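Please find one structure pasted underneath; my questions will follow.
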Amino acid sequence: MGMSIERPRYTVEQRVGRVEIRSYKPYMVAATSVRGSMERAGNSGFGILARYIFGGNVSGDGSSTKIAMTSPVTQVRADDRFVLRFMMPSEFNAESLPVPTDGRVTVEELGPQRLAALRYSGRWSKSSFDRHLDELRGALGDAGMSTTGEPIWARYDPPWRPWFLRHNEVLSKIAD
């Protein structure tokens, strides 16, 4: 498959049917917040973040840095907008990450998280996401567990990957 793409590190604590309960380590992200439908916001937010990692940034020495692509791109609703996040490669920390030249991009650390995850393949559509979110919530409900907050949509593949080969996930925080 060629070069390996870095992904967030996690351990699987347990499995509930097809759902994994994961404990994620903290990691740095570049984020942007955009308006629009789930599908449209995904495309416009991806473009804004892609420009940042392809050199729309300034390092400490004044130069721009090309940042390695990571996976997945995550998307979560926040009021009437969607927040998209790219994980930053683990060699960067808050001090060493280049500063975005686009004011719509922020850099932050996501703290440790416990998330339920359901992997699926298929098209990048709201209907497919909603169907898999229902499956995730149903499996957790049957096990006496529930989720909290807005669910997260994670897309692992580039848009040119055929839809039936795509690795997608629906993620949701586990209620304590």
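Among the residues of the stretch 138-155, write down those that are buried (at least 18 other Cβ atoms within 10 Å of the Cβ) and hydroxyl-bearing (Ser, Thr, Tyr).
Within the stretch 138-155, the subset buried (at least 18 other Cβ atoms within 10 Å of the Cβ) is 140, 147, 151-155.
The answer is Thr147, and nothing else.
I've got another one for you. For the stretch 38-55, how many residues are surrounded by fewer than 18 Cβ atoms within 10 Å (Cβ to Cβ) and over 22 Å from Glu150 (Cα atoms)?
Qualifying residue count, the stretch 38-55: 5.
What is the residue count in the stretch 3-30 for residues that are in a strand (DSSP E or B), of a type outside the set (D, E, K, R) and surrounded by 13 or more Cβ atoms within 10 Å (Cβ to Cβ)? So that I can check it myself, show each step before the final result.
Here is the first cut: in the stretch 3-30, the ones in a strand (DSSP E or B) are 6, 10-16, 19-24, 27-30.
Those left that are additionally of a type outside the set (D, E, K, R): 10-12, 14, 16, 19, 21, 23-24, 27-30.
Narrowing the set further to residues that are surrounded by 13 or more Cβ atoms within 10 Å (Cβ to Cβ) leaves 10, 16, 19, 21, 23-24, 27-30.
Result for the stretch 3-30: 10.
Regarding the stretch 154-165, can at least one residue be identified that is part of a strand (DSSP E or B), among the small types (Gly, Ala, Ser) and closer than 19 Å to Arg35 by Cα? Give the steps one after another, and end with the answer.
Taking the stretch 154-165 as the starting set, the residues that turn out to be part of a strand (DSSP E or B) are 154-155.
Those still in the list that are among the small types (Gly, Ala, Ser) too: 154.
Keeping just the survivors that are closer than 19 Å to Arg35 by Cα gives 154.
For the stretch 154-165, residues part of a strand (DSSP E or B), among the small types (Gly, Ala, Ser) and closer than 19 Å to Arg35 by Cα: present.
Does any residue of the stretch 73-81 turn out to be crowded, with 20+ Cβ neighbours inside 10 Å and of a type in the set (Lys, Arg)?
no
Give me the strands (runs of 3 or more DSSP E) completely within the stretch 31-133, filtered to those with at least 2 residues that are closer than 28 Å to Leu165 by Cα and in contact (Cβ under 8 Å) with a residue 12 or more places away in the chain, ordered by residue number. Don't jump to the end; show me each part of the working.
Working: elements: 73-78, 81-87, 106-110, 113-120.
So the answer is 73-78, 81-87, 113-120.
Going by the conditions given, is Ile5 modelled with pLDDT of 90 or more and of a type in the set (A, V, I, L, M, F, W, C)? Write out each step before concluding.
Numbers: modelled with pLDDT of 90 or more: no; of a type in the set (A, V, I, L, M, F, W, C): yes.
Against the criterion (modelled with pLDDT of 90 or more and of a type in the set (A, V, I, L, M, F, W, C)), Ile5 does not qualify.
The values are calculated or read from the model by the stated rules, or taken from the named source; none is laboratory data. Worth saying up front: this structure is predicted, and the values here are computed from it rather than measured. Cβ: placed from backbone, ideal geometry, glycine included. Neighbour counts: every protein chain shown.
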